[in-house]
1. VAL125 label point, 7 Å along Cα→Cβ, cut-off 15 Å on backbone N: hits in the stretch 319-338?
2. Rounded, prolate or oblate: which fits the stretch 222-302 when a ≥ b ≥ c are the square roots of the eigenvalues of the alpha-carbon gyration tensor, with rounded for a/c under 1.5 and prolate only if a/b beats b/c?
3. Given the options PRO88, LEU65, LEU323, identify the residue whose Cα lies farthest towards the positive end of the charge dipole of the chain (+1 on Cβ of Lys, Arg; -1 on Cβ of Asp, Glu).
4. Mind checking the dipole of the stretch 82-177: about its Cα centre, +1 per Lys or Arg Cβ, -1 per Asp or Glu Cβ, Debye to the nearest 20?
5. Given H placed 1.01 Å from N in the peptide plane, which residues other than close sequence neighbours of CYS337 have an amide H under 5 Å from its amide H?
6. At 1.4 Å probe size, put THR320, THR67 in order of accessible surface, largest to smallest.
7. Specify whether the C-alpha gyration tensor of the chain places it in the rounded, prolate or oblate class, a ≥ b ≥ c being the square roots of the eigenvalues: rounded for a/c under 1.5, otherwise prolate if a/b is larger than b/c and oblate if not.
8. Per-residue HN-Hα couplings for the stretch 55-72, Karplus 6.51 cos²θ - 1.76 cosθ + 1.60 at θ = phi - 60°, whole Hz, x for Gly and Pro?
Amino acid sequence: MESQSQTQTSQPETPKRSPFTRIFHKLKTNLVFRSKLAEVNGAMGDLGTYIPIVLALTLAKDLDLGTTLIFTGIYNAITGAVYGVPMPVQPMKSIAAVAISSTAEEFGIPEIMAAGICTGGILFVLGVSGLMQFVFNIIPLSVVRGIQLSQGLAFAMSAVKYIKKEQNFSKSKSVGDRPWLGLDGLVLALACVLFIILVNGDGEEEEEEREEEERNGSRRRRRWFSVRKVISNVPSALLIFLLGVVLAFIRKPSIVHDIKFGPSKMKLVKMDKKAWKNGFLKGTIPQLPLSVLNSVVAVCKLSYDLFPEKKFSATSVSMTVGLMNMVGCWFGAMPTCHGAGGLAGQYKFGGRSGGCVALLGVAKLVLGLILGSSLVGIMEKFPVGVLGALLLFAGIELAMAARDMNSKGDAFVMLVCTAVSLGSNAAIGFVAGIVLYLVLWMRNYGRVKPTGLPVQVDQHP
């Protein structure tokens, strides 16, 4: 007994960390950079989607750019700290599309904000109730891949349009062929595309191959791999973005005189009964299916594919999207959500931690507080072809997630879902994919093991 008691007393007790200490440790882990230059580069990967839509709403509907930058910057910082992955903050695309295609009287700022609040409120309720997690768990993987593939191809096709055609974002349409030469010419856009390919390649990790070559390769091959390593560490997206900013000032030097320091004056948006009605019917109803599928379901699945060690639930993602819009939209900030395309783009260019988007958030916050809405002039002259180059690779990276559909049955469901989504919208494509999956499952019941079942992941909020 004595020896047992001595053994027990000799073993040091593991000190229990307080809840505050655990939270601090988690935030520190989530925000630490994996590679400083790569994380900064990755922060630029989402701008090909963010800038065109924000610019279009600012020019067409007088969106408060300064307020939007401040709130989206805060969202970026918080989501990066909470999730520990480059979780993007993107505009709600269906609401933006309705706003741009309508007159100010039909669908103006009050209607846009009402649509954002309603969409956010519904997503928050779906998250709190656990219904969003239930939906995520039962959706077949092949249908999720179909949504991801359609969204990725849609981004890539928009990028090609940005590169090939001149754009009028305030009217959301192309206005003619882009000239070959010039500060926003076709040659510049193609040069940016080739530069990204040269630096980033096809996106495959090459660390093991490099280590093998360093151990067993000849001197000449080791030297070539050293050159490749240097090239792959070049922050391609950051350099392209900075080039675009410089060209914007060269295209219109008078922008310097238009810059005014100080944040925009925040004020509550007044929304009457008509604004709530039109916002819900014209904005929330078409946006909700896209938010559920792309902003929650597809984001969670892609995040698990890219970062299997980072496990969080569809419940928490749905709640953060809801909270963002239930707060910011009252002050005129653009309705926002997460998006699989933004996550894929930031991953493509080197984002591997929450610090990536937190850094982007700090940059947005500083710009919103210092320059406010005077940034519109710079964004208006930013070369659209350069944005197209960034958006192209974000779309391709998202579409590449579908490459794990190896069986014919999975690929069949995925491609039908993709085709219907591109031909109509994501909601109809989703319904078509689910119906097709169920029909095939019933047809093969008792004969062939059904494929494309959802991957059950041990997820925690």
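1. The answer is 319, 322-323, 326.
2. Judged from the Cα gyration tensor, the stretch 222-302 comes out oblate (a/c at least 1.5, b/c at or above a/b).
3. LEU65
4. 360 debye
5. Those lying under 5 Å, H to H, from CYS337 are GLN90, MET92.
6. The residues order as THR320, THR67, largest area first.
7. Rounded.
8. Values, residue by residue: 5, 4, 5, 5, 6, 7, 10, 6, 4, 6, 5, x, 5, 4, 5, 5, 5, 5 Hz.
The values are calculated or read from the model by the stated rules, or taken from the named source; none is laboratory data. Note that the structure is a prediction, hence the values are computed from the model and not measured. Cβ coordinates were reconstructed from backbone atoms using ideal geometry, including for glycine residues, and neighbour counts include every protein chain displayed. These accessible areas exclude ligands, DNA and RNA; they are computed on the full protein's heavy atoms, side chains included. Shrake-Rupley method; radii C 1.70, N 1.55, O 1.52, S 1.80 Å.
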